[in-house]
Every structure is written in structure tokens, then in C-alpha cells.
Amino acid sequence: MLAFIQDNLSSVYDSEDLPDFSPARIRRLTTNPNSLSDAIGFLKDIIPLGPPILACCIDGLRILDSSEQSHWYQDCLESFIEVIGTTKPPHPRIMKVWLSTDGNSEALQVAVNAGWIEADITNSEGDAEPLEIDQWM
């Protein structure tokens, strides 16, 4: 998506709201899990600058949303889902995101409950069970 960033961002942002796209910030984005928060923040800043049509499919959330993962990691996953579900561009655009799992995902349950995303069909086993999402809009 970096290739889609305009040279002049003043048509998209006020000067005081201009995100940091410095080389130093981009260098902080590594494959090290400790850079997840930085990557999620960068994604939030770059989504509004994306192409007029953007489609993204993420499968296997049950693997990422495992109780074996640390609380910090689970918070990062929830933050990621919030960013892709709530970040809106300043201009009309089509953005479709499909989040898929064949198991339960607590992070998706949080996102649906908070209104960040909508589920087409949902099945809940009970109040203590995570939401099982079968199909997305």
C-alpha cells in the first residue's frame, strides 16, 4: 500500500493531523512480535490512503486467538480487528474485509459486540462460550 500514498497529503490530512511516515517509523516494523503495536498503528494511518478498492481476507483466526497466547498478544489481535473494522477513509472507497475461522474466536466476539464488524450468521454456545461465526457479509 505504500505505493498508493500520494506525494502531497494535504488534500487528505490537516497539517497537524499528518501521520508519521518517516523511515525511522517504517524501520520499527519488523518480524519481531514486539513490533505488533507499531504495525497496527501504522496500518491505522495507512488505511485511509489506500486504493479506491481494497479487499482483504484473513483466515485462521482461531490460531491467532488461542488461550495459549499471552494477554498482550490477544490485546494486539483485538486492536488489529478494531483498526480494520473502524478506520474509515476521508473519501468514498470500497473496503471489504473477510475474517474467517472454523473455530471460536473471542476477539471476533468482542468486535461484534462493540459494533466494529458485523457477522452475517452467528451461533453462540452459551454466555461463557466464545462466539462462533459461520459466515461474513
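Asp75 sits among other residues whose Cβ lies under 13 Å from its own Cβ, and their net charge, with Lys and Arg +1 and Asp and Glu -1, is -4. Phi angles across segment 31-41 convert, under the Karplus curve 6.51 cos²θ - 1.76 cosθ + 1.60 with θ = phi - 60°, into 3J(HN,Hα) values of 7, 5, x, 5, 8, 4, 4, 4, 5, 5, x Hz, Gly and Pro given as x.
Every number here is computed from the coordinates shown, using simple stated rules; none is lab data. In this text the structure is predicted, and so the values were computed from the model without any measurement. For neighbour counting, all protein chains shown are included, and Cβ atoms are generated from backbone atoms with ideal geometry for every residue, glycine included.
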